[in-house]
Amino acid sequence: MELRIQHLSKTYPNGVQALRDVTLTIPNGMFGLLGPNGAGKSSLMRTIATLQEPDTGSIQLGDIDVLREKEKVRRVLGYLPQEFGLYPSVSAEVLLDYFAGLKGIRAGAERKAAVENLLQQTNLWDARKKAVGGYSGGMRQRFGIAVALLGSPQLIIVDEPTAGLDPTERNRFLDLLSEIGENVVVILSTHIVEDVTELCPNMAIIAQGEVVATGRPNDVIGEIRGKVYRTKTEKAALAQLREQHEVISSKLVAGQPVVRVFSETPINGIFQPAEATLEDVYFHRLARRARINNEELKINNDAGAKAGRASTGTVNS
């Protein structure tokens, strides 16, 4: 099954344009949707999950028109939002059984088998009698996946699933997603580059509501391969480096800034060639999108100011 999104746009009543002409084709398997907080990832996930309407565009899941046939979509959808509520005093076993009934699994024996299988699959069997309010963050996320997997969905959406998890729980959760993603469409929405690098054969980067890169991670990295350089510097020199070069990122290593820059032409001096990474692509595309938006804003502001002067008769001919 394939998910096809075409020319999707969404502007909220407060004027925020969350999605701008988003077009994506998402095949079977793990698909990473990478972007910073506020990029439009959650807006896109909610739209695919039939929780909100777009202003324009279409979404097709196999032969299902997602925007017109919402009930059909919901029958084959598993959704783990970034924030989800639970009954804290109820055990995982009882709560999962309850959700199975809501999902339409009516027969008692079938529901019991589904609950047991999912608790085993998510490694929660030993904690099945424990109230979910006492679960750790990672256990809560795995329980959320168990709920999302009820009814054997063909499309699974997980929104920022590893944010806040410790390394052990993060690895356990990613392993679980990897197993799930072999036979269905799984959209992993995240701002954590490593999650996409480790899991997803296909991906897209979204920034300020727009898709700014899409493809296989290695192909996306290939677009800047041979154009990334790094150097160690002093904190006092950072501002000057930013003025002289297109800085991708800078971070402290053993207390000293390490700067990575993008350049279409070879640069020497204090810089050394660096192996390009998906993180480099991510920061490079975000910075480029921000520059374009700032230029567009300046043009619009200048045009507005010119129109204002014209209306008062103060424009020179």
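Round to the nearest 10 and report in Å² the accessible area of Thr233, as given by a 1.4 Å probe over the protein chains' heavy atoms.
Only protein atoms counted, so the area is about 10 Å².
Where only protein heavy atoms count, and the probe is 1.4 Å, what is the accessible area per residue for the chain in Å²?
Ligands and nucleic acids excluded, the result is 51 Å² per residue.
Helix 108-121 versus the longest principal axis of the chain: what is the Cα-based angle in degrees, 0 to 90, to the nearest 10?
The angle comes out at about 40 degrees.
Would you mind telling me the antiparallel percentage of the DSSP bridges in the chain, rounded to 5?
Antiparallel: roughly 65 percent of the beta bridges in the chain.
Could you check how much of the accessible area of the chain is carbon and sulfur, as a whole percent, using a 1.4 Å probe?
49
In region 184-249, which GluC sites (Glu not before Pro) are in a loop and have at most 12 other Cβ atoms within 10 Å, using DSSP for the loop call?
Of the GluC sites (Glu not before Pro), the ones in loops of region 184-249 whose Cβ has at most 12 other Cβ atoms within 10 Å are Glu234.
Helix-only mean residue ellipticity at 222 nm, the chain, DSSP H runs n ≥ 4 weighted -39,500 (n - 2.57), per residue, nearest 500. What is it?
-11500 deg cm²/dmol
Just tell me which aspartates and glutamates come within less than 15 Å, Cα to Cα, of Lys251; anything on the same chain fewer than 8 places away is out.
Straight-distance partners of Lys251: Glu234, Glu279, Asp280.
I need the P(r) histogram for region 45-125: all alpha carbon pairs, bin width 5 Å from 0 out to the longest distance, whole percents.
3, 12, 19, 19, 17, 14, 10, 5, 1
I'm checking a number: the convex hull volume of the Cα atoms of the chain, normalised per residue, in Å³. What is it?
Output value, Cα hull per residue: 193 Å³.
Strictly greater than 22 Å: what percent of every Cα pair in region 56-197 meets that?
I get 39 percent for the Cα pairs in region 56-197 exceeding 22 Å.
Taking Lys70 as the anchor, which lysines have their alpha carbon closer than 16 Å to its alpha carbon, excluding any fewer than eight residues away along the same chain?
Result set, ordered by chain and number: Lys103.
Give a quick list of trypsin sites (Lys or Arg not before Pro) in region 59-135 that DSSP marks as loop, anything other than H, G, I, E or B, with at most 14 other Cβ atoms within 10 Å.
Taking region 59-135 and a limit of 14 other Cβ atoms within 10 Å, the loop trypsin sites (Lys or Arg not before Pro) found are Arg68, Arg106, Lys129, Lys130.
Using Cα positions and a limit of under 16 Å, work out the lysines in reach of Lys129, with same-chain residues fewer than 8 apart set aside.
Lys112
If the only charges are +1 at each Lys and Arg Cβ and -1 at each Asp and Glu Cβ, what is the size of the charge dipole of the chain around the Cα centre, to the nearest 20 debye?
In debye, rounded to 20, the chain gives about 520.
Where in region 167-262 are there trypsin sites (Lys or Arg not before Pro) that are in a DSSP coil and have at most 11 other Cβ atoms within 10 angstrom of their Cβ?
Answer in residue order: no site qualifies.
Accessible surface of Glu275 in the full protein assembly, 1.4 angstrom probe, to the nearest 10 Å²?
Roll a 1.4 Å probe over it and Glu275 shows about 130 Å².
Enter the angle in degrees (range 0 to 90, nearest 10) between the Cα long axis of helix 92-102 and the first principal axis of the Cα atoms of the chain, meaning the one along which they spread out most.
Long axis of 92-102 versus the principal axis of the chain: about 90 degrees.
What distance in nm separates the simple spin-label points at Gln17 and Ala163, each placed 7 Å from Cα in the Cβ direction?
2.4
Note the angle between two axes, namely the Cα long axis of helix 167-180 and the longest principal axis of the Cα atoms of the chain, as a number of degrees from 0 to 90, rounded to the nearest 10.
70
The values are calculated or read from the model by the stated rules, or taken from the named source; none is laboratory data. The structure presented is a predicted model; accordingly, all values stated were derived computationally and were not measured. Don't worry about glycine lacking a Cβ; one is built from the backbone with ideal geometry, like all the others, and counts go over all protein chains shown. Side chains included, ligands, DNA and RNA excluded: accessible areas come from the protein's heavy atoms. Shrake-Rupley method; radii C 1.70, N 1.55, O 1.52, S 1.80 Å.
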